[in-house]
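First up is the structure itself, then whatever we jot down about it.
All of the numbers you see were taken from the coordinates with simple rules; none came from a lab. This one's a predicted model, so the numbers in the text were calculated from it and none came from an experiment. In this analysis, Cβ positions are derived from the backbone assuming ideal geometry, glycine residues included, and neighbour counts consider all displayed protein chains.
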Amino acid sequence: MNALRLIALCCIAALSAAAQAQYPSRPVRIVVGFPAGGPIDVQARIIGQKLSERLGQPVIVDNRPGADGIIATQAVARADPDGHTLLLASIGFATVPALHANLPYDPGKDFAPIIYAASGPMVLVGGPSMPAKDLAGLLELARSKPGAINYGSVGIGSSNHLGVELLARRAGVKMHHVPYKGASPATTDLIAGRLDLMLNPVNNALPEIRNGRLRPFAVSTRHRAPTMPDVPAIAETVPDYDVALWSGFFAPAGTPAGVVGLLNREIGQVLKAPDLQQTLRAQGFEVVGGSSQAFGAFARDELQRWAALVAAEGIKLE
């Protein structure tokens, strides 16, 4: 290593250490691309409260809903890279770029990954009139009648739309997508038999499953859900299928490594709190945690696989 490079590395390390020593010097803001009261907002608030106690500064949740999360994500991309503005992102961080050609930010370059917060499954459900009794039977029915099975979602490019498209592609079947303007009207049509299938967050579907109005076929994550241990994972029938609703923290690119490391450590400790884990489990999520490098690799994989699916299936926003 030449002398100039060594000096440069020493300067970077010194600046990073100085930034970490002074951090945080004011309130920390967690930007959320959803209205108050939703799962990601609830996670931001409970994590933020505990993080405030550890950092010694207020942690404020800033809700910026709209435009599929683009407004919130752009706000963080343009924020000062000093660790005082964070994004609590969801799976939309990875799916939205696959559908929008001209985003005002680059998800792969404009953010510093901090930590994978939580992950939760969706469950593939059918109404009481669905003749198939299990996932294998459902896929066989779909093969025998290409395009005849209708599945609903909360909109083109949503996680429950892309999740079923990925299943259909992996299983070699064709199903017809019916986008709705929300989960409630889709669930009503599902129960009434006007819709055949839907991939829903577990905590949303569980009440209707328990009262017998919806039939669970399989959960979307690689392993079975703790809240539904008798329901198989899709991967038990379609190998390597794994789709999770996830949440994780990002900072603007250029945030000092020392600050990213401190946040990873402190949020990681917050995620170990039993009451926080209980709250997340009630939402259908399990804590993940881990290193910022691992979360960065996960986010890159998510961006790549949804971009590949959207391109292969020719999915476009209307």
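Using only the Cα atoms of segment 115-263, construct the convex hull and provide its projected area averaged over every direction, in square nanometres to one decimal.
10.2 nm²
Per residue and in cubic angstrom, what volume does the convex hull of the Cα atoms of segment 180-318 have?
161 Å³
Run the dipole for segment 122-236 about the Cα centre, Lys and Arg Cβ at +1, Asp and Glu Cβ at -1, nothing else charged, and hand back the magnitude in debye, nearest 20.
Charge dipole, segment 122-236, about its Cα centre: 120 debye, nearest 20.
Which is farthest toward the positive dipole end of segment 137-287 among G284, V164, N264, measuring Cα position about the Cα centre, with Cβ charges +1 (Lys, Arg) and -1 (Asp, Glu)?
V164
How much of the DSSP bridge set in segment 122-236 is antiparallel, in percent, rounded to the nearest 5?
About 55 percent, rounded to the nearest 5.
Quick one: of the DSSP bridges fully inside the chain, what percent are antiparallel, nearest 5?
So the antiparallel bridges in the chain amount to around 60 percent.
Give the aspartates and glutamates whose C-alpha is closer than 14 Å to that of K272, dropping any in the same chain fewer than 8 places away, or say none.
E286
For the chain, modelled as a Gaussian network with Cα springs under 10 Å, which listed residue fluctuates most, Q43, Q22, Q278?
Q22
When ranked by the protection proxy of mean other Cβ atoms within 10 Å per residue, highest first, what sequence do the peptides 210-218, 255-263 form?
255-263, 210-218
Considering the dipole of segment 21-139 built from charges on the beta carbon (Lys and Arg +1, Asp and Glu -1) around the Cα centre, which of P39, A136, N102 is farthest to its positive end?
Ranked along the dipole, the leading option is P39.
So how strong a dipole does the chain carry about its Cα centre when Lys and Arg Cβ are +1 and Asp and Glu Cβ are -1, to the nearest 20 debye?
80 debye
How high is the relative contact order of the chain, given as a whole-number percent (alpha carbon pairs under 8 Å, six or more residues apart)?
27 percent
So how long is each side of the chain along the principal axes, counting just the alpha-carbon atoms, biggest first, in Å?
On the principal axes, the chain reaches 69, 41, 33 Å in Cα extent.
So if I average 1/r over every pair of distinct C-alpha atoms in segment 237-310 and take the inverse, what Kirkwood radius in Å does that give?
14.4 Å
Name the lysines eligible as straight-distance cross-link partners of K133: C-alpha to C-alpha under 29 Å, and not fewer than 8 places from it in the same chain.
Answer for K133, where 29 Å is the Cα cut-off: K145, K174, K181, listed by chain and number.
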